[in-house]
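The values are calculated or read from the model by the stated rules, or taken from the named source; none is laboratory data. Source: prediction; values computed, not measured. Reconstructed Cβ throughout: ideal geometry from the backbone, glycine too, with neighbour counts over all protein chains shown. Just so you know, the surface numbers come from the protein's heavy atoms only, side chains and all, with ligands and any DNA or RNA stripped out. Shrake-Rupley method; radii C 1.70, N 1.55, O 1.52, S 1.80 Å.
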Amino acid sequence: MDYKFALALSLPLAIGLAAIGSGFGLGRAVGQAMEAIGRQPEAAAKIQVAMIIGSAFIEALTIYALVAFFILMGKIG
Amino acid sequence: MGLEFITRIIRTTAVFALIVALYLTMYYSGKVALGFLIGVAWSLTNLYFIKGMVTELITPNETRKDVAVVLGFIKFPVLYVGGYLIVASGYFSIYSLLAGFSLIFPIALLKVLGRVILRMDVFGFEKKHAEGAH
(Lines give C-alpha, C1' and ligand atoms only; values in the text may rest on other atoms or scores of the structure.)
Protein backbone atom coordinates (compact mmCIF):
# COMPACT_ATOMS: atom_id res chain seq x y z
CA MET A 1 0.00 0.00 0.00
CA ASP A 2 1.59 3.28 -1.03
CA TYR A 3 1.05 6.51 0.88
CA LYS A 4 -1.38 7.92 -1.68
CA PHE A 5 -3.68 4.98 -1.20
CA ALA A 6 -3.39 5.31 2.58
CA LEU A 7 -4.19 9.02 2.35
CA ALA A 8 -7.17 8.44 0.07
CA LEU A 9 -8.50 5.88 2.53
CA SER A 10 -7.88 7.77 5.76
CA LEU A 11 -8.68 11.38 4.79
CA PRO A 12 -12.46 10.99 4.42
CA LEU A 13 -12.55 8.95 7.63
CA ALA A 14 -10.52 11.58 9.46
CA ILE A 15 -12.68 14.50 8.32
CA GLY A 16 -15.80 12.50 9.16
CA LEU A 17 -14.51 11.81 12.67
CA ALA A 18 -13.65 15.50 13.11
CA ALA A 19 -17.16 16.47 12.01
CA ILE A 20 -18.75 13.91 14.35
CA GLY A 21 -16.64 15.14 17.30
CA SER A 22 -17.40 18.76 16.56
CA GLY A 23 -21.11 18.09 16.11
CA PHE A 24 -21.26 16.12 19.33
CA GLY A 25 -19.38 18.84 21.23
CA LEU A 26 -21.50 21.67 19.84
CA GLY A 27 -24.69 19.75 20.46
CA ARG A 28 -23.74 19.12 24.07
CA ALA A 29 -22.68 22.76 24.55
CA VAL A 30 -25.94 24.12 23.12
CA GLY A 31 -28.02 21.62 25.09
CA GLN A 32 -26.32 22.49 28.37
CA ALA A 33 -26.57 26.23 27.63
CA MET A 34 -30.30 25.92 26.93
CA GLU A 35 -30.75 23.98 30.14
CA ALA A 36 -28.75 26.53 32.14
CA ILE A 37 -30.68 29.47 30.65
CA GLY A 38 -33.93 27.67 31.36
CA ARG A 39 -32.91 27.27 34.99
CA GLN A 40 -31.50 30.79 35.35
CA PRO A 41 -32.91 33.13 32.69
CA GLU A 42 -31.34 36.18 34.37
CA ALA A 43 -27.86 34.72 33.69
CA ALA A 44 -28.57 34.36 29.95
CA ALA A 45 -26.05 36.99 28.78
CA LYS A 46 -23.22 35.39 30.75
CA ILE A 47 -24.07 31.91 29.55
CA GLN A 48 -24.23 33.21 25.98
CA VAL A 49 -20.69 34.64 26.25
CA ALA A 50 -19.30 31.30 27.44
CA MET A 51 -21.32 29.56 24.75
CA ILE A 52 -20.03 31.84 21.96
CA ILE A 53 -16.37 31.40 22.98
CA GLY A 54 -16.83 27.65 23.37
CA SER A 55 -18.55 27.34 19.98
CA ALA A 56 -15.75 29.28 18.28
CA PHE A 57 -13.13 26.99 19.80
CA ILE A 58 -15.03 23.80 18.88
CA GLU A 59 -15.64 25.02 15.35
CA ALA A 60 -11.98 25.95 14.92
CA LEU A 61 -10.92 22.34 15.48
CA THR A 62 -13.08 21.17 12.57
CA ILE A 63 -11.75 23.96 10.39
CA TYR A 64 -8.18 22.88 11.19
CA ALA A 65 -9.12 19.32 10.19
CA LEU A 66 -10.69 20.66 6.99
CA VAL A 67 -7.59 22.68 6.09
CA ALA A 68 -5.35 19.66 6.82
CA PHE A 69 -7.70 17.68 4.55
CA PHE A 70 -7.22 20.17 1.72
CA ILE A 71 -3.45 20.24 2.16
CA LEU A 72 -3.19 16.43 2.15
CA MET A 73 -5.65 16.12 -0.75
CA GLY A 74 -3.13 18.03 -2.82
CA LYS A 75 -0.57 15.33 -2.10
CA ILE A 76 -2.78 12.58 -3.51
CA GLY A 77 -2.46 14.23 -6.88
CA MET B 1 -18.99 40.99 31.88
CA GLY B 2 -21.62 40.40 29.25
CA LEU B 3 -21.65 40.28 25.50
CA GLU B 4 -19.34 43.29 25.23
CA PHE B 5 -16.54 40.87 26.16
CA ILE B 6 -16.89 39.34 22.67
CA THR B 7 -16.82 42.80 21.09
CA ARG B 8 -13.65 43.58 23.04
CA ILE B 9 -12.03 40.33 21.87
CA ILE B 10 -12.90 41.22 18.25
CA ARG B 11 -11.53 44.77 18.66
CA THR B 12 -8.30 43.65 20.35
CA THR B 13 -7.70 40.96 17.71
CA ALA B 14 -8.24 43.45 14.88
CA VAL B 15 -5.80 45.97 16.36
CA PHE B 16 -3.19 43.31 17.16
CA ALA B 17 -3.57 41.81 13.67
CA LEU B 18 -2.84 45.19 12.07
CA ILE B 19 0.34 45.53 14.14
CA VAL B 20 1.47 41.97 13.32
CA ALA B 21 0.65 42.55 9.62
CA LEU B 22 3.04 45.53 9.59
CA TYR B 23 5.82 43.32 10.93
CA LEU B 24 4.98 40.57 8.43
CA THR B 25 5.11 43.08 5.57
CA MET B 26 8.50 44.26 6.82
CA TYR B 27 10.13 40.89 7.48
CA TYR B 28 8.32 38.48 5.12
CA SER B 29 6.20 39.90 2.31
CA GLY B 30 3.03 41.80 1.60
CA LYS B 31 1.40 38.58 0.38
CA VAL B 32 2.00 36.82 3.71
CA ALA B 33 0.67 39.86 5.58
CA LEU B 34 -2.41 39.99 3.35
CA GLY B 35 -3.03 36.26 3.87
CA PHE B 36 -2.70 36.78 7.61
CA LEU B 37 -5.16 39.68 7.53
CA ILE B 38 -7.65 37.68 5.44
CA GLY B 39 -7.40 34.82 7.97
CA VAL B 40 -8.08 37.26 10.80
CA ALA B 41 -10.99 38.87 8.95
CA TRP B 42 -12.53 35.46 8.23
CA SER B 43 -12.16 34.42 11.85
CA LEU B 44 -13.65 37.67 13.19
CA THR B 45 -16.56 37.49 10.76
CA ASN B 46 -17.17 33.89 11.83
CA LEU B 47 -17.17 34.87 15.51
CA TYR B 48 -19.52 37.78 14.75
CA PHE B 49 -21.99 35.41 13.09
CA ILE B 50 -21.69 32.87 15.91
CA LYS B 51 -22.45 35.70 18.35
CA GLY B 52 -25.46 36.76 16.29
CA MET B 53 -26.85 33.25 16.00
CA VAL B 54 -26.33 32.40 19.67
CA THR B 55 -27.92 35.64 20.89
CA GLU B 56 -30.86 35.25 18.50
CA LEU B 57 -31.55 31.55 19.08
CA ILE B 58 -30.34 30.69 22.59
CA THR B 59 -32.17 33.31 24.58
CA PRO B 60 -34.89 33.33 27.22
CA ASN B 61 -36.59 36.17 25.32
CA GLU B 62 -38.49 35.78 22.10
CA THR B 63 -36.27 34.44 19.32
CA ARG B 64 -36.02 36.27 16.02
CA LYS B 65 -35.90 33.27 13.74
CA ASP B 66 -35.79 35.28 10.51
CA VAL B 67 -32.63 37.12 11.62
CA ALA B 68 -31.07 33.82 12.73
CA VAL B 69 -31.89 32.21 9.38
CA VAL B 70 -30.30 35.10 7.49
CA LEU B 71 -27.19 34.93 9.71
CA GLY B 72 -27.02 31.15 9.28
CA PHE B 73 -27.37 31.47 5.52
CA ILE B 74 -24.56 34.03 5.35
CA LYS B 75 -22.34 32.05 7.72
CA PHE B 76 -22.65 28.53 6.39
CA PRO B 77 -22.80 28.72 2.63
CA VAL B 78 -21.35 32.18 1.92
CA LEU B 79 -18.57 32.49 4.54
CA TYR B 80 -17.52 28.86 4.29
CA VAL B 81 -17.50 28.78 0.50
CA GLY B 82 -15.52 32.04 0.57
CA GLY B 83 -13.02 30.42 2.92
CA TYR B 84 -12.80 27.37 0.68
CA LEU B 85 -12.19 29.52 -2.39
CA ILE B 86 -9.46 31.47 -0.59
CA VAL B 87 -7.71 28.23 0.47
CA ALA B 88 -8.27 26.49 -2.88
CA SER B 89 -6.99 29.46 -4.91
CA GLY B 90 -3.51 28.73 -3.56
CA TYR B 91 -2.58 32.40 -3.91
CA PHE B 92 -2.00 32.89 -0.18
CA SER B 93 0.23 30.75 2.00
CA ILE B 94 -1.92 28.31 3.92
CA TYR B 95 0.21 28.93 7.01
CA SER B 96 -0.39 32.68 6.93
CA LEU B 97 -4.14 32.10 6.57
CA LEU B 98 -4.12 29.63 9.46
CA ALA B 99 -2.00 31.94 11.63
CA GLY B 100 -4.52 34.72 11.02
CA PHE B 101 -7.45 32.42 11.68
CA SER B 102 -5.90 31.22 14.95
CA LEU B 103 -4.95 34.65 16.30
CA ILE B 104 -8.31 35.20 17.99
CA PHE B 105 -7.94 32.11 20.20
CA PRO B 106 -4.78 33.04 22.12
CA ILE B 107 -6.18 36.56 22.47
CA ALA B 108 -9.47 35.25 23.91
CA LEU B 109 -7.56 32.90 26.21
CA LEU B 110 -5.19 35.63 27.38
CA LYS B 111 -8.05 38.05 28.02
CA VAL B 112 -9.86 35.45 30.12
CA LEU B 113 -6.59 34.44 31.84
CA GLY B 114 -5.81 38.10 32.58
CA ARG B 115 -9.18 38.50 34.25
CA VAL B 116 -8.63 35.31 36.27
CA ILE B 117 -5.14 36.41 37.38
CA LEU B 118 -6.37 39.88 38.30
CA ARG B 119 -9.20 38.18 40.19
CA MET B 120 -11.78 39.97 38.06
CA ASP B 121 -15.13 38.31 37.54
CA VAL B 122 -14.69 36.52 34.17
CA PHE B 123 -18.29 36.00 33.11
CA GLY B 124 -20.08 37.60 36.04
CA PHE B 125 -20.75 34.32 37.86
CA GLU B 126 -18.84 35.01 41.07
CA LYS B 127 -20.94 38.00 42.13
CA LYS B 128 -24.11 36.00 41.64
CA HIS B 129 -22.59 33.10 43.57
CA ALA B 130 -21.57 35.36 46.46
CA GLU B 131 -25.03 36.93 46.56
CA GLY B 132 -26.58 33.47 46.70
CA ALA B 133 -24.28 32.45 49.57
CA HIS B 134 -25.39 35.31 51.85
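At 7 Å along Cα-to-Cβ for each site, give me the label-to-label distance between A:Arg39 and B:Phe76 in nm.
3.0 nm
Quick one: Debye curve from the C-alpha atoms of segment B:1-96, no solvent, what's log10 I(q)/I(0) at q = 0.16, 0.18, 0.23 Å⁻¹?
Results for segment B:1-96 at q = 0.16, 0.18, 0.23 Å⁻¹ read -0.77, -0.90, -1.14.
Given N residues in chain A, what is its alpha carbon radius of gyration divided by 2.2 N^0.38 Å?
Here the Cα radius of gyration is 1.53 times the empirical estimate.
Please identify the longest segment of chain B free of exposed chymotrypsin sites (Phe, Trp or Tyr not before Pro), where exposed means a DSSP state other than H, G, I, E or B and no more than 14 other Cβ atoms within 10 Å.
B:29-90
Just going by the charge dipole of the protein assembly as shown, with Lys and Arg at +1 and Asp and Glu at -1 on Cβ, which of B:Tyr95, A:Ser55, B:Met120 is farthest out on the positive end?
B:Tyr95
Short version: ³J(HN,Hα) in whole Hz for each residue of segment A:27-33, in order, from phi by Karplus 6.51 cos²θ - 1.76 cosθ + 1.60 (θ = phi - 60°), x for Gly and Pro, what are they?
Once rounded to whole Hz, the list reads x, 5, 4, 5, x, 5, 5.
About its Cα centre, how strong a charge dipole does chain A have in debye, to the nearest 20, once Lys and Arg get +1 and Asp and Glu get -1 at the Cβ?
80 debye
Using a simple charge model, +1 on the beta-carbon of Lys and Arg, -1 on the beta-carbon of Asp and Glu, nothing else, what dipole does the protein assembly as shown show about its Cα centre, in debye to the nearest 20?
On the way: 17 positive and 11 negative charges, 60 e Å.
Using only the charged Cβ atoms, the result is roughly 280 debye.
Nearest 100 Å², what total accessible surface is buried between chain B and chain A (probe 1.4 Å)?
Protein heavy atoms only, the B-A interface buries about 2500 Å².
If I take R0 = 35 Å and measure r between the Cβ atoms of A:Ala8 and B:Val69 in this structure, what FRET efficiency does the formula 1/(1 + (r/R0)^6) give, to the nearest 0.05?
Efficiency, from the Cβ-Cβ distance: 0.40.
Using a 1.4 Å probe on the protein chains only, how many percent of the accessible area of chain B belongs to carbon and sulfur?
Reported share for carbon and sulfur atoms: 70 percent.
Too long at a 29 Å Cα-Cα cut-off: which of B:Lys31/B:Lys75; A:Lys75/B:Lys31; A:Lys75/B:Lys51? Walk me through the numbers before you get to the answer.
On the way: B:Lys31/B:Lys75 26 Å; A:Lys75/B:Lys31 23 Å; A:Lys75/B:Lys51 36 Å.
Checking Cα-Cα distances, A:Lys75/B:Lys51 exceed 29 Å.
For B:Arg8, B:Arg115, A:Arg39, A:Arg28, give me the order by solvent-accessible area with a 1.4 Å probe, most accessible first, ignoring ligands, DNA and RNA.
Order by accessible area, largest first: A:Arg39, A:Arg28, B:Arg8, B:Arg115.
Against the globular-protein guess of 2.2 N^0.38 Å, express the Cα radius of gyration of the protein assembly as shown as a ratio, rounded to two decimals.
Scaled against compact globular proteins, the figure is 1.15.
Given Cβ point charges of +1 (Lys, Arg) and -1 (Asp, Glu) and nothing else, what value in debye, to the nearest 20, does the dipole of chain B about its Cα centre take?
200 debye
Do you know the relative contact order of chain A, to the nearest whole percent, from alpha carbon pairs under 8 angstrom that are 6+ apart?
Once normalised by length, the contact order is 54 percent.
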